[in-house]
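The values are calculated or read from the model by the stated rules, or taken from the named source; none is laboratory data. Remember, it's a predicted structure, so these values are computed and weren't measured experimentally. Positions of Cβ are generated from backbone atoms using ideal geometry, with glycine treated the same way; all protein chains shown enter the neighbour counts.
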Amino acid sequence: MASDEELMLSAAGGDMEAFGELVLRHQDRAWRTAYHYVGNRADAEELAQEAFLRVLDAAASYRPSARFTTYLYRVVANLCLDHRRKKRPDRQGDLSHRASSLPSADAQMEAREREETVRRALDKLPDRQRMAVVLRYYEELPLREIAATMDATPKAVERLLARARECLAAELGTWAEG
Amino acid sequence: MLCADVQDKLDGYLGGDLEPETRGAIEAHVRGCSICAQALNQAGRVRAVLRQCIPPPVPQGFYERVMARAHERRRLEPVWLTASQRGRRVPVIWRAAVAAGLIVGLAIGALMATDLRQQAVQETLLAVEVGEPDATSVYGLDYFASAPTGSLVGAFVSLVSFEETGERR
């Protein structure tokens, strides 16, 4: 099975099947990252699609100096950060898959209330803290990879997460008190 | 370790990112510091609450829509664009704007040069028509009229005057 880097080199030469294979392999992570960051399906899909198109556009100049996933996360992160600067995030109306699949109405109501609280808390975070949280808590990237994705040092990422955690704890209130 | 350093590293600790030595130092600190112990518990709860929000799956048809847009982008690219150039291409509108700017600039430059040349010719013809008695005045050499005798300038003035009037100055 070809590596991501080999597929990128093939895509640079015009091999659209190779590009398609990259999309299939990594569409989940692009989608998840965008969704957790912007909070609604429409914008998340647009961002995730655009990320892959940007990857295709830049394929000829791609150099495998880092893992492809780090490169893709960086493209997605930059698009999300630009999106937030241009447009206020709209988190209305989107509920998580998990909440809607719970068996009882009470459980669903509790889950929805928790998710609304989490969304409001994430919305209040500064852009880079929010992205660090998404990459850490939802994508479970190691600190070094988050640093490479966000063009920061690992120490700076630690600080971003620490500040974000304080804000989130304050906003989540009883949900985070256990 | 200081409390600030410990609390900065709690996410790394919970995620298993830290070196064993650093983990050990944090654990030792937390055992003796109630504030950092509380911060560690809180960090764990925040993490747990956030991770309960699971996104919906990738929308159906996402792959097909991406590929359709990708093929459309490739289709609209100039056929002469090589693979190596594709990745560094400048948007078409930018290239068109630069080309238009160059053409306009060259046209303006050509018009200005033509205009200046015509102006210079007209001035010369006017001077000849007026019939300046002193040939040197056509070339604005009046200030050489008092050139010292035997000087190079004087010789030049004499030469020009001789050709015009047949008389030496």
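Only one of the numbered conditions (1) surrounded by fewer than 21 Cβ atoms within 10 Å (Cβ to Cβ); (2) within 12 Å of chain B (Cβ to nearest Cβ); (3) at pLDDT below 90 is not met by A:ALA60, and that is (1). Applying the selection to the range B:1-47, what residues are more than 7 Å from every other protein chain (Cβ to nearest Cβ), closer than 20 Å to A:GLU177 by Cα, surrounded by 12 or more Cβ atoms within 10 Å (Cβ to Cβ) and among the β-branched types (Val, Ile, Thr)? B:VAL30, the sole residue that qualifies.
Could you please find all residues in the range A:1-47 being in a helix (DSSP H, G or I) and among the polar types (S, T, N, Q)? Hits for the range A:1-47 are A:SER10, A:GLN27, A:THR33. Filtering the range B:29-62 to residues that are free of Cβ contacts under 8 Å to residues at least 12 places away in the same chain, part of a helix (DSSP H, G or I) and not polar (S, T, N, Q) leaves B:ARG31, B:GLY32, B:ALA37, B:ARG45, B:VAL46, B:ALA48, B:VAL49, B:LEU50, B:ARG51, B:PHE62. Residue by residue through the range A:106-147, note down the ones that are touching a residue at least 60 places away in the same chain (Cβ under 8 Å), more than 14 Å from A:VAL38 (Cα to Cα) and either facing chain B (nearest Cβ under 10 Å) or buried (at least 20 other Cβ atoms within 10 Å of the Cβ) (or both). Within the range A:106-147, A:ARG114, A:LEU141, A:GLU145 qualify.
Considering each residue of the range A:68-87 in turn, none proves to be buried (at least 21 other Cβ atoms within 10 Å of the Cβ) and within 9 Å of another protein chain (Cβ to nearest Cβ).
Has the range A:96-117 got any residue that is modelled with pLDDT of 90 or more and not in a loop (DSSP other than H, G, I, E, B)? Checked against the condition, which is being modelled with pLDDT of 90 or more and not in a loop (DSSP other than H, G, I, E, B), the range A:96-117 yields at least one hit. Among the residues making up the range A:7-28, those that are small (Gly, Ala, Ser) and within 10 Å of another protein chain (Cβ to nearest Cβ) are A:ALA11, A:ALA12, A:GLY13, A:GLY14, A:GLY20.
Only a single item in (1) in contact with a helix residue (DSSP H, G or I) (Cβ under 9 Å, 6 or more places away or on another chain); (2) closer than 17 Å to A:ARG119 by Cα; (3) among the aliphatic types (A, V, I, L, M) is not met by A:ALA42, and it is number (1). Considering (1) within 14 Å of chain B (Cβ to nearest Cβ); (2) buried (at least 18 other Cβ atoms within 10 Å of the Cβ); (3) over 12 Å from the mean Cα position of the chain (by Cα), the lone condition that A:GLU46 does not fulfil carries the number (2).
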